[in-house]
Structures are given as structure tokens and as C-alpha cells.
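See below for the structure under consideration.
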Amino acid sequence: MPNICVLAEELTAAITPGGSVRLDLSDVAAPDLSVIQLVQAARVSAAKAACDFALTAPAGDPFRALLDRAGFTSADHPDHSQFWFHGDTSQ
């Protein structure tokens, strides 16, 4: 994965009104909280711009514990499960 600042710039440029962005995180072996924060911020920006923003595939095992610690696997937020795991609650 490129430097987090480079990725932030690329996502900012890609999110356009009415557009569509697909983010591939499959090669991220050791994500940290900055990746989660950046993706969440991109989700919010995309929603405001009516841009279709999604992951190309469900987040893999390297993300599971991190997302859990960050509160993204809570049953209170089914939209997080849909986004990160494509609705697969067995994650």
C-alpha cells in the first residue's frame, strides 16, 4: 500500500459527485488504525458526494481484530458490517 498521505490524495481525487470508487485492500497485510480512519473518512466524503464507494472484496483477517477494537463490528452499526465484510456476519 502506498504511503497513507498518497492514498488519501488519491481517494480525495477519485471521489466525485455521482462517481464510483472501488478500493482494493486485499494486499494490506498489517493495517493500522490510520488505514481504518482514512477509509471511514472516504466513506463519509463519498456519501456526501453521492459517490458509490465500496471495497472490492470483504476485508480480510488482518483487518478483523483492528476493526473490532475500533468498534466497527458492533451489532449497533450493521452498515459497517455491510461495508467492511459485505454483510457476512460470520466474520
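Every number in this text was worked out from the coordinates using simple rules, so none of it is lab data. Since the structure is predicted, the reported quantities are computational estimates derived from the model, not experimental observations. Cβ atoms come from the backbone with ideal geometry, glycine included; neighbour counts cover every protein chain shown.
Place a point 7 Å from the Cα of ALA8 along the Cα-to-Cβ direction; which residues of region 17-37 have their backbone N under 13 Å from it?
Correct set: 34-37.
Taking the chain as the reference, fit the longest principal axis to its C-alpha atoms, fit the long axis of helix 33-48 to the helix C-alpha atoms, and give the angle between the two in degrees, 0 to 90, nearest 10.
Here the helix axis deviates by roughly 50 degrees.
For the chain, what's the relative contact order in percent, using C-alpha pairs closer than 8 Å and at least 6 residues apart?
Across the chain, relative contact order equals 29 percent.
With each pseudo-label sitting 7 Å past Cα toward Cβ, what's the ALA49-HIS86 distance in nm, one decimal?
2.4 nm
Under the rule a/c < 1.5 gives rounded, and otherwise a/b versus b/c splits prolate from oblate, where does the chain land using the Cα gyration tensor? It would help to have the intermediate numbers written out before the result.
On the way: a/c = 1.82, a/b = 1.27, b/c = 1.43.
Judged from the Cα gyration tensor, the chain comes out oblate (a/c at least 1.5, b/c at or above a/b).
For ASP27 paired with HIS77, estimate the spin-label separation in nm (one decimal), with each label point 7 Å from Cα along the Cα-to-Cβ line.
In this crude spin-label approximation the distance works out to 2.8 nm.
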